[in-house]
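Reading through the structure tokens given below for one structure.
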Amino acid sequence: SQQGEEDPQALSIQEGENATMNCSYKTSINNLQWYRQNSGRGLVHLILIRSNEREKHSGRLRVTLDTSKKSSSLLITASRAADTASYFCVVESGGYNKLIFGAGTRLAVHP
Amino acid sequence: NAGVTQTPKFQVLKTGQSMTLQCAQDMNHEYMSWYRQDPGMGLRLIHYSVGAGITDQGEVPNGYNVSRSTTEDFPLRLLSAAPSQTSVYFCASSYSRAGAGATNSYTFGSGTRLTVV
């Protein structure tokens, strides 16, 4: 089964609301990254948190990491319609650059 | 603009045909990789390379070949296309190798949408 499993699979909110997405994984990790994919486009890197960090901020994004629970969350504050996309939790594990993707959370932000 | 360039953007193949998906990066990244994305799923690693002349298999390598003769280019070859290879293919690159405490982010190309009929 896949690691980096996101929850929920789909999320629908209004502009201005906060969006929270969760991710679970199964192995030890070097780091955990979140990517955004707009429909039909490539993936864009949002934020990376290292295995020895617990929380990280970047603009309206806040990521937490709990290695004891093998879980992470991505919070997008004050969401905008332009945030509508799929969000992927990606774990980097092992001695080589092996990224392991979950199926993603589809976020829809309505004006 | 610097980045990862994939060509073609769209391709339709007949079963049994062969073709090469091109990937080029101009960021002097050591690491390059190919993924496929099927509907409702995350990306799965096909092959990767940690430097010129070095390639290795990922999670779903069957039916695909790669080579890395230069740092910039990492083509993906479909030897005999099958309908099961209908997918969107993404190439990604990163500056350096992984490891504990690594902070590499990955740059993705815009994808190649392949249909095998």
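In whole percent, what relative contact order does chain A give with Cα contacts below 8 Å and a gap of six or more residues?
Numbers: 283 pairs, mean separation 42.8, N = 111.
Value for chain A: 39 percent.
As a footprinting exposure proxy, order A:GLU17, A:GLU6 by other Cβ within 10 Å, with the fewest listed first.
Working: A:GLU17 12, A:GLU6 25.
Ascending Cβ contact count within 10 Å gives the list A:GLU17, A:GLU6.
What net charge is computed for the residues neighbouring B:LEU78, neighbours being all others with C-beta under 13 Å from the C-beta of B:LEU78, Lys and Arg scored +1, Asp and Glu -1?
Numbers: positive: B:LYS14, B:ARG36, B:ARG77; negative: none.
Charge balance in the 13 Å sphere: +3.
Kindly put B:VAL116, A:VAL90, B:VAL4 in sequence by how many other C-beta atoms sit within 10 Å of each C-beta, fewest to most.
Details: B:VAL116 19, A:VAL90 26, B:VAL4 22.
Taking fewest neighbouring Cβ atoms as first place, the list is B:VAL116, B:VAL4, A:VAL90.
Which log10 I(q)/I(0) values, to two decimals, does chain B give at q = 0.16, 0.20, 0.22 Å⁻¹ under the Debye formula with one point per Cα?
Relative scattering, expressed as log10 I(q)/I(0), comes to -0.69, -1.07, -1.27.
Please report, in whole Å, how far the alpha carbons of region B:1-58 spread along each principal axis, starting with the longest.
That gives 34, 26, 25 Å along the principal axes, largest extent first.
Reported to two decimal places, what Rg/Rh ratio describes the protein assembly as shown when computed on Cα atoms with Rh from the Kirkwood expression? Write down the numbers at each step before the final one.
On the way: Rg = 17.4 Å, Rh = 18.0 Å.
Expressed as Rg/Rh, it is 0.97.
Expressed as a rounded percentage, what relative contact order does region A:35-97 have, with Cα pairs under 8 Å and six or more residues apart?
Working: 71 pairs, mean separation 20.1, N = 63.
Once divided by the residue count of region A:35-97, the mean separation gives 32 percent.
Be a star and scan region B:1-33 for residues whose amide nitrogen sits under 11 Å from the point 7 Å along the Cα-to-Cβ vector of B:THR70.
B:24-26
Sorting B:SER69, B:SER87 on the 10 Å Cβ count, fewest up front, what's the list?
Working: B:SER69 10, B:SER87 22.
Neighbour counts put them in this order, fewest first: B:SER69, B:SER87.
Note down the magnitude of the dipole of chain A about its Cα centre, charges +1 on Lys and Arg C-beta and -1 on Asp and Glu C-beta and zero elsewhere, to the nearest 20 debye.
Numbers: 13 positive and 10 negative charges, 47 e Å.
In total the dipole reaches around 220 debye.
Just so you know, all these numbers are worked out from the coordinates, no wet-lab data involved. Keep in mind it's a predicted model, so treat the numbers as computed, not measured. Reconstructed Cβ throughout: ideal geometry from the backbone, glycine too, with neighbour counts over all protein chains shown.
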